[in-house]
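One structure below.
Any read-out appearing in this document is the output of simple, stated calculations on the displayed coordinates, not a laboratory observation. Quick caveat: nothing in here was measured; it's all calculated off a predicted structure. Using ideal geometry, Cβ is built from the backbone for each residue, glycine included, and neighbour counts are taken over all protein chains shown.
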Amino acid sequence: MADIAYKKLFGIGTAFIMSLPGWCAGSYLSTSPTSVGYLVTVFSILAASLFAVISIVGDPSMLLSGNRRVAWRSARSLQRRLQTYNHLFTSYLMTLGLVIVASFLKDAKSDLTIYVFSLVGVLSLFCFLCSLTVPYSLARLQRSRMEGEIKDRGAE
């Protein structure tokens, strides 16, 4: 139990330290429409790609073959793993939404503009760093599926 608390504390501390460069980028983002355009492009592509991955991986035809119990366990495990991708997809959409809000505030010459752009910097850095783990977790998911299928075929 204490191990989990230390892992959470480490994760929160790491996220806080890693958010500092993103927060500092807020003033730059508020004055650079080109950088904001790049952010929108990159996160739109990431969101579309992740949506495609979730759709393909979550397809019921991708369940392990076997009886109903095997399919149920496979679906339950798959849904649990896909939940992480769903959270990441939502964070991409939140980043894009926050960019839109920041742009509206900038056009309205609001005093909050710099703070919202700083939040955009923090969230975009966080999302980007989380995205770096996606290929490896997809490879792990595929490997476990193959091992399960090989195990089931060996039992026949």
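Structure notes:
- Nitroxide proxy distance, nm - points 7 Å out along Cα→Cβ at Met94 and Tyr6: 2.8 nm
- Exposure proxy ranking, count of Cβ atoms within 10 Å, fewest first, for Arg145, Arg80: Arg80, Arg145
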